[in-house]
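Reading through the C-alpha cells given below for one structure.
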Amino acid sequence: MDAHSNKLSIILNAPALVSGDERPLAIVHGVERALPGLRLGWTLSEKGDIVALPRRDEWVADGGTDGGFPFVCNDDDNCPMTLFGLENPNGLYTGGGPHFEVHGSLYLGAVGTAPAADVLKAIGEAARAFWGDATPLNVGAEISRQTLDPVRKPGSPPRGLPALRFPDSIRAPEIPHRLGWLNYWSAAAARAIGFPDPARDAELLSRSLRTATGGWVVRLTDAPLELENPAHLDALKRAYERFPEIGGRAAP
C-alpha cells in the first residue's frame, strides 16, 4: 500500500457554525476518544514547524470566528493525524447558504479499519454533520472527477462511474454528493437516500455501524477502496445504482 492509498482523507459537511458554537471542541474531543492515546495538542507555524498548544481547548474554542476552527495535529510520525474546520461559502443544495466543513487526515496502516470508522463517526456526530466520507487520498481524487456539468465542467467520469451533479442541482442538504470508502450518513441523510432496506442492503449492513443519533457509518468494501481492483470498482458502481439520489442523479 503506497502513501496515498494509506492516507485517508476525511471530509464532513454540516450546518454552519453560529456564535458560541461548541461543536469545534466537541469534534476534537470526539476524535481523541475514538483513538485512545491520541492527543491533538499541536499546530503548525507559518514556517511549517510543529508548535505545542499548552491551552489547546481554549485555543480551539476561541479560534472559530471565521466559521471554522484552526488546524490541530498530533506529534507522532508513526501515526500522524490532522484536523481543521472551515466555512464553505457555497451551498450544499439548491438555494443553500454557507456550510461548515470538517477536514482531517489519518494514516490507515497506523490505526486499522475499525478505529478509522470510529473517527468518522465521532466527527460526524460531534459536528452534527449531514454526511461525509473517509476515503484513500488517491481514490478521492478520482471520485472528484465524477462531478460534471455540460457548461462549467464538461467531460466524462472515470472508469465508467456515473456522472454526479453540482451542489446547486441537489434538492436538499441531507443528500450526499458522492460515495466514498467509509460513508457517514446522518439519520436524515439515510432517510433521504432510502437506507437501510433490509432486503436490499444486507451486505452493506454487515459492514455498517449505527450511531447514537440514528445515523450510519457504512463501509463500502472490506479493504480500503481501490479503483484498480475490479471487485471494488464493481461495488462502487452497485452502490451508486442502489442509491440514485446520491449526487443528485434522481432529480429531473
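Table for the structure above
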read-out	value
C-alpha center-to-center spacing [the range 170-214, the range 97-153] in angstrom	14 Å
For the chain, size of Cβ-based charge dipole, Lys and Arg +1, Asp and Glu -1, in debye	780 debye
Rule-of-thumb Rg ratio for the range 104-229 [Cα; 2.2 N^0.38 Å; N residues]	1.07
Between 0 and 90°, nearest 10: helix 113-127 axis offset from the chain longest Cα axis	80 degrees
Contact order normalised by residue count of the chain, Cα under 8 Å, 6+ apart, percent	20 percent
Among Arg210, Arg159, Arg219: highest mean-square fluctuation, GNM of the chain, C-alpha pairs under 10 Å	Arg159
Where the chain is the region considered: accessible area per residue in Å², 1.4 Å probe	46 Å²
Principal semi-axes in Å for the chain [√(5λ), Cα gyration tensor, largest first]	29, 21, 18
0 to 90° range, to nearest 10: angle between helix 23-34 axis and the chain longest Cα axis	90 degrees
Tail fraction, Cα-Cα pairs, the range 162-229, threshold 20 Å, whole percent	33 percent
Dipole axis of the range 73-148 (+1 Lys, Arg; -1 Asp, Glu on Cβ), positive-most option in Thr94, Trp131, Ala116	Thr94
Carbon/sulfur fraction of accessible area - the range 61-150, other protein chains in place, 1.4 Å, %	51 percent
Fluctuation leader among Ala202, Ala163, Ala172 - the chain, Gaussian network, Cα springs under 10 angstrom	Ala202
Ratio Rg/Rh [Cα only; Rh per Kirkwood] for the range 4-105	0.98
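The values are calculated or read from the model by the stated rules, or taken from the named source; none is laboratory data. Every value quoted in this text rests on a predicted model; they were computed, and no experiment measured them. We place every Cβ from the backbone using ideal geometry, glycine too, and count neighbours over all the protein chains shown. Remember, those area values only see protein heavy atoms, side chains included, never the ligands or the DNA or RNA. Shrake-Rupley method; radii C 1.70, N 1.55, O 1.52, S 1.80 Å.
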